[in-house]
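Have a look at the structure below, then the notes.
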Amino acid sequence: MKKILQILILFFLVSILDSCRESPCDISEYSIRIYSPVYADGFKILGAEGMKSTIISMSRPWQGAEDEDRMLFIRRGGESVPEGFSGQVISGDAQRIVCMSSSYVAMLDAFSCADAVVGVSGLKYIFCDGIDKDRIVDVGYDENVDYESLVASAPDLVLLYGVYAESPLEKKLSQLGIPFMYVGDYLEEHPLGKAEWMVAIAEAMGRRDEAEKVFRPIAERYNALKQKVDTPLHPKVMLNTPYSDVWFMPPAGSYMVRLIEDAGAEYVFKENTSSKSVAIDMEQAVRLSDSADFWLNASGFGSVEELGARFPRFKASRPVVEGKVYNCDKRLNASNGNDFWESGVVCPDLVLADLIRIFHPELNLGGELYYYRKL
């Protein structure tokens, strides 16, 4: 009789615990920082006492967003969505992912989850070898998204981004009942901040520990390389080529400029202290390039001869004359998909190593250029 009573009491206690677990709590209870990014500014992962579920909060879903936080609730262990929560919800860890940017594919591949990709935007441009392109759907892009194909891919989660406003997909995905998550890696200024977004994606898949183990040594290698550049020599660097006859120069605090500075060099256009790239005219571009020791990201050209033929005024530019013009297109696939904008986002340590080899050959870093090539 005593044993039966003990069993009944145990059953009663378990029932109470289950009831507590399944009863909704208030959104304010999800205030425990499960993961606080070290380098990224755009996300945080929150939890609640005694709960398995977590919330990924994205504070910068697009450029210029203010008070536009987007949240994803990962519902685990039968727990209810907290009262007051108005974001996206997935039940259990995401297993099937649609990626609207190639950098998300690289992040998934980094912690061995590329096989979770069931759809992408621009399949032929994806460089990653870790995905089976024969079984993956190309869902299109922007206003040309093929929603029929997207629905047929049966995703648990769509990873998307906004540019200057919410993604064109947001409204339609909400109507279709397909959960989505904003990934703001492109808004991060610190190179390691971009890569750290893999942790947020991994959380949605229940694989955060694995992503942290991947990210940690990337950060260690990056910082170790940065420490090697202890030199008074700081060569000046020109960036980019015209796009539709307009030359855009990034802000002094941007991702690419941060890489240049961490590699022991100096950006030629420091006066752009805004948060956006600005257009300069050809006269200013000529002056800037002639003041530079190196010219990076001269895209669209296979050689300095091609560059000079298209823009004759730059033939006498110092980097052109001295043969110090480089582009980040060493790794292209058959459709000109560029791995620099894919795995380069996840491997800033490899990008930094390239730039140190270019700017400071005297440091004898060793190895060959990985993403960059000399024109």
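The values are calculated or read from the model by the stated rules, or taken from the named source; none is laboratory data. None of the values given here were measured: they were computed from a predicted structure. Here the Cβ positions follow ideal geometry from the backbone for every residue, glycine too, while neighbour counts run over all protein chains shown.
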With TYR326, TYR371 as the choices, which residue is at pLDDT 95 or above, aromatic (Phe, Trp, Tyr) and not in a loop (DSSP other than H, G, I, E, B)?
TYR326
Out of contact with any Ser or Thr (no Cβ under 9 Å at 6 or more places or on another chain) and at pLDDT 95 or above: which single residue out of ILE131, ILE178 fits that description?
ILE178
Restricting attention to the range 256-311, and to residues there that are in contact with a Phe, Trp or Tyr (Cβ under 9 Å, 6 or more places away or on another chain) and in a strand (DSSP E or B), which single residue is farthest from TYR186 (Cα to Cα)?
PHE294
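Residues checked against (1) free of Cβ contacts under 8 Å to residues at least 12 places away in the same chain; (2) of a type in the set (A, V, I, L, M, F, W, C):
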{"site": "VAL183", "(1), (2)": "no, yes"}
{"site": "GLU189", "(1), (2)": "no, no"}
{"site": "LYS194", "(1), (2)": "no, no"}
{"site": "ILE201", "(1), (2)": "no, yes"}
{"site": "GLY206", "(1), (2)": "no, no"}
{"site": "PRO232", "(1), (2)": "yes, no"}
Output the residue which, of all residues in the range 344-367 that are modelled with pLDDT under 95 and farther than 13 Å from VAL229 by Cβ, is surrounded by the most Cβ atoms within 10 Å (Cβ to Cβ).
GLY367
Mind checking whether some residue in the range 104-114 is buried (at least 22 other Cβ atoms within 10 Å of the Cβ), over 17 Å from the mean Cα position of the chain (by Cα) and either in a helix (DSSP H, G or I) or assigned by TED's automatic domain parsing to the domain that holds ARG33 (or both)?
no
Within the range 345-367, does at least one residue satisfy the condition of being assigned to a loop (DSSP other than H, G, I, E, B) and among the charged types (D, E, K, R)?
no
Specify which of the listed residues (PRO37, PRO61, PRO24) is at pLDDT below 95 and either surrounded by fewer than 22 Cβ atoms within 10 Å (Cβ to Cβ) or not assigned by TED's automatic domain parsing to the domain that holds GLN175 (or both).
PRO24
Quick one: in the range 241-251, of everything that is part of a loop (DSSP other than H, G, I, E, B) and touching a helix residue (DSSP H, G or I) at 6+ places or on another chain (Cβ under 9 Å), which residue is surrounded by the fewest Cβ atoms within 10 Å (Cβ to Cβ)?
ASP245
Scanning for something touching a Lys or Arg at 6+ places or on another chain (Cβ under 8 Å), at pLDDT 95 or above and either surrounded by fewer than 16 Cβ atoms within 10 Å (Cβ to Cβ) or under 20 Å from TYR141 (Cβ atoms) (or both), does the range 194-216 turn up at least one residue?
no
